[in-house]
Amino acid sequence: MTQAKNRSPQAKCENILKSERDYNVEHNILPSEVAIIDRLLRRPLELLKVYNELEEKLDRSPSGLRTVLRTLLSTAAFWCPEKSALARQERAKLREVNRKIAASAQKLAELLEERELLNNHSGFFGGEIYDVYSAIEQPAVTKPSSSGM
C-alpha cells in the first residue's frame, strides 16, 4: 500500500516539490519559490485534482511533470501584474528616448554636412578639431570671471 501511495500523482508531485525545496534551501537560493512550495505542501487536498490532471496529461513525458512544476513555481514567485505593467511603461519610455536620439542624430548629421559645405566652399573655416594633435596644440579657452573684474 505504501508503494502505491508513493506512486500516486499527489505523491509524485509532492516529492518533486520537496526535492526542489530541499535543493533551494541547501543552496540558500530562491526563497520566494521555497515559500510557494511550503504553501502548496500545506494544501494537499485542494491540489489533489490538479496533481491527478498533471500526471494524466504528462504521463508519457519523463521530465514533463518536473518541468511544469518548476515553471509554476517560477511564475508564482516572480510574475507580478504590477511589475509587468511597469516594465511595459519603461520599455515604451526607452523606445521614445531611442526615437529622440535617432532624430537628434539625424539633425546633427545634417548640421555637420552643412558645416562641411560652408568650410569647403565659403572661404571661411570654423576651427573644428579633427585630430588629437590639433586638440593639444589649440590654446585653452578661458571663461570670463564671474566677479565682473
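Tabulated data for the structure shown
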read-out	value
Ser104 being under 30 Å from Ile16 (Cβ atoms) and part of a helix (DSSP H, G or I)	no
Every residue from segment 22-46 that is of a type in the set (Asp, Glu) and within 17 Å of Arg66 (Cβ to Cβ)	Asp22, Glu33
Count of segment 75-110 residues which are within 27 Å of Leu40 (Cβ to Cβ) and of a type in the set (Ser, Thr, Tyr)	2
From Leu117, Leu65, Leu73, residue being outside the structural domain of Pro9 (by TED's automatic domain parsing) and at negative phi	Leu117
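The values are calculated or read from the model by the stated rules, or taken from the named source; none is laboratory data. Just so it is clear, the model here is predicted, and its values are computed rather than measured. Positions of Cβ are generated from backbone atoms using ideal geometry, with glycine treated the same way; all protein chains shown enter the neighbour counts.
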